[in-house]
Amino acid sequence: MPLELAEALLTALPSQIAVLDESGIVCYANPAWNRFMRESGRISTDSSIGSRYLSLCADVLLNGDQQEKPGFEQQWQTFLAGSDLVLRFDLACRTASTTHWFSAQINRFQYQEKRYFLVLYENISERKQTELQHILAERLLHKVLEVLPVGVWIMDQQGQIVEGNPAGIAIWAGARFVKPEQFGEYKGWWLDTGKPIQADEWAASRAIRNGEVSIDEEIRIQCFDGSEKIILNSALPLLDSKGVVTGAIIVNQDITSRKLAEQHLSQAKSEIESAHHELQQVLSREQKMARTDELTGLCNRRQFFALTQQLYEVARRYQTPLSVMLIDVDRFKQVNDLHGHLVGDKALVHIADIARKQVRASDVLARYGGEEFIIALPNTDSEKALHVAEQIRVDVATTPLVFDQQSIRLSISVGITEWHQSDSSLMQMITRADGALYAAKRAGRNKCLLAEQSADEN
Ligand SMILES: Nc1nc2c(ncn2[C@@H]2O[C@H](COP(=O)(O)OP(=O)(O)OP(=O)(O)O)[C@@H](O)[C@H]2O)c(=O)[nH]1
């Protein structure tokens, strides 16, 4: 090749090229080399010829490491003095505004029995920047993973863990851990349904195999100390630019203590609810008992007054009729004496049942005490009340109490009255009905008498 052509070629080449003599002094440099050395402040004139190669390598960073100059100097001197034919390294040359990265290749050669070195720089700044950004991103990711309170695992396409964070390690600490290929046989992890997790059911493997996204699957893991942990397990497939699954990212959250607290809370809630329910039942039983006569199941005297007082107020206010009747079992002492107290009780229940059949839902039927019953009949005048009383009396007289193959005949006397304009209280009505009852007894029993009639008779 003619020398001029070789010169023209070296001048046109964008790569930096220099030739050093055997002591490392630049004896040839192409324009690209000189331009770079000048622009980067390594030389002040237009030419590098005569400069020591080492002095042109100020601020050198070898192979991306922050290797200091003495380290490089030593490497350079060894190469210079040794017999190696090629020296390759990446270096960074800092200029005022930026850092240029080169891939350097230095070849030893001989020319006219003298030793020389051909230095060739290839600019790899772009590639290095990308690499550096990648490294920075990875470092950032590590930092984030380190401080994240949830466990994060990154798996490759084979299901091998390539990255994990301290929170993740803490979650699985003490767990009966197995190798991925043993997942299928392992019974130490199971879903919250109680089903052991099989290899292909594991959220991570579904993410890798099918690209499936699983969010917050609740799983239980068994630890060597016998305890259990409850973990929320999520898995997302990692995809490349073509959408092909390259691995998975798994996120774990230990919710054992939260779950325990929830369980305690719901247990406490159901205990409180059942205690409340029981209390309600006791209360309503108590309330019923407080209103009811135990023997006959009718209202007791207190309840009679509570209900009838309201009927009395309504009758007074709207001037509507209201009647009251007092019923007394005739010669009841004899029933007790002849058949015993127990039969006496049955007789009372028998009469209560008969009376119950004759009253309306709006009437108040109560056991007034001992062998006495009382009925308040709203919207009923004394004539109609007498009619009701007669029906009860006749039913009692014609329906004997059958007990132990005995038939016990019973009768009642009834005193009836209705509300008068002149009445000042409910009690006044009851006293009048009692007077009529007394009169019915005196008149021979098994009778119903109106207070108004009995007053006339007296
Ligand atoms: N078996 C039973 N007897 C009762 C009950 N309450 C009151 N007696 C009885 O009822 C009887 C009422 O008797 P008396 O007041 O003398 O009147 P009587 O025998 O019914 O006679 P007259 O009312 O005059 O027809 C008493 O012997 C009481 O002991 C009860 O709950 N059960």
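Histogrammed with a bin width of 10 Å, the alpha carbon distances of the chain distribute as 4, 13, 12, 7, 6, 7, 7, 7, 8, 5, 3, 4, 6, 6, 3, 1, 0 percent, first bin at zero.
Relative contact order of the stretch 3-129: what whole-number percent is it, with Cα pairs under 8 angstrom and at least 6 residues apart?
Numbers: 222 pairs, mean separation 30.4, N = 127.
It comes to 24 percent, rounded to a whole number.
Convert 10 °C to kelvin, take the viscosity as 1.306 mPa s, use the Kirkwood radius over C-alpha pairs of the stretch 301-457 as Rh, and evaluate the Stokes-Einstein diffusion coefficient in µm²/s, rounded to a whole number. Translational D for this selection: 101 µm²/s.
For the stretch 203-362, take the convex hull of the Cα atoms, compute a quarter of its surface area, and give me that in nm², please. Over all viewing directions, the stretch 203-362 projects a mean Cα-hull area of 24.1 nm².
So if R0 is 51 Å, what FRET efficiency would residue 209 and residue 115 give, r being the distance between their Cβ atoms, rounded to the nearest 0.05?
Details: r = 61 Å, r/R0 = 1.20.
That gives a FRET efficiency of 0.25.
As a proxy for reagent exposure, ranking 144, 26, 324 by other Cβ atoms within 10 Å from fewest up yields 144, 26, 324.
Given 106, 451, 40, which one lies farthest toward the positive end of the charge dipole of the chain, if we put +1 on the Cβ of every Lys and Arg and -1 on the Cβ of every Asp and Glu? Of 106, 451, 40, it is 451. Under the simplified labelling scheme, the residue 9-residue 262 pair shows an inter-label distance of 7.6 nm, with each label point 7 Å from Cα along Cα→Cβ. From least to most packed, judged by other beta carbons within 10 angstrom and beginning with the fewest, 219, 49, 43 follow the order 49, 219, 43.
For a modelled paramagnetic label at residue 126, 7 Å from Cα along Cα-to-Cβ, the residues of the stretch 70-110 in reach, with backbone nitrogen under 17 Å, are 99-103. Dipole magnitude for the chain: computed about the Cα centre from +1 point charges on Lys and Arg Cβ and -1 point charges on Asp and Glu Cβ, it is near 900 debye.
Give me the number: length gained by fully extending residue 384 to residue 302, i.e. 0.36 nm times residue separation minus the C-alpha to C-alpha distance, one decimal in nm. Before the final figure, lay out each step's value.
Working: separation 82, 0.36 × 82 = 29.52 nm, distance 2.57 nm.
This chain segment gains 27.0 nm when fully extended.
Overall, the stretch 3-129 carries a charge dipole of about 140 debye about its Cα centre when +1 sits on the Cβ of Lys and Arg and -1 on the Cβ of Asp and Glu, all other atoms neutral. Annotation: amide H-H contacts under 5 Å for residue 212 (H modelled 1.01 Å from N, sequence separation of 5 or more, or interchain): 207.
Where both bridge residues fall in the chain, DSSP classifies roughly 95% of the beta bridges as antiparallel. Per-residue ellipticity at 222 nm from helix content only, as computed over the chain with -39500 (n - 2.57) for each DSSP H run of at least four residues, stands at -13500 deg cm²/dmol. Close amide H pairs (under 5 Å, H built 1.01 Å from N) link residue 124 with 101, 102, 103, residues at least 5 positions away or on another chain. A dipole drawn for the chain from +1 and -1 charges on Cβ atoms has a positive end, and of 166, 270, 144 the residue lying farthest that way is 270.
Look at 387, 350 and count the other Cβ atoms within 10 Å of each Cβ; fewest to most, that gives 387, 350.
Across every pair of non-identical alpha carbons in the stretch 81-128, the mean reciprocal distance, once inverted, gives a Kirkwood radius of 12.2 Å.
With a/c under 1.5 counting as rounded, go ahead and sort the stretch 3-129 into rounded, prolate or oblate using the C-alpha gyration tensor (a ≥ b ≥ c being the square roots of the eigenvalues; past the cut-off, prolate if a/b is larger than b/c, else oblate).
On the way: a/c = 1.59, a/b = 1.12, b/c = 1.41.
In terms of gyration-tensor shape, oblate.
Which one, 83, 440, 123, projects farthest toward the positive side of the charge dipole computed for the chain from Cβ point charges (K/R +1, D/E -1)? Checking the options against the dipole of the chain, the answer is 440. For the stretch 301-457, the dipole from Cβ point charges (+1 on Lys and Arg, -1 on Asp and Glu) about the Cα centre works out to 240 debye, to the nearest 20. The modelled label-to-label distance for the pair residue 49/residue 23, using points 7 Å beyond Cα in the direction of Cβ, is 1.8 nm.
Laboratory data are not the source of any read-out in this text; all were calculated from the coordinates shown. Quick caveat, the model's predicted, so the values are computed rather than measured. Every residue, glycine as well, gets a Cβ built from its backbone with ideal geometry; the counts of neighbours run over all protein chains shown.
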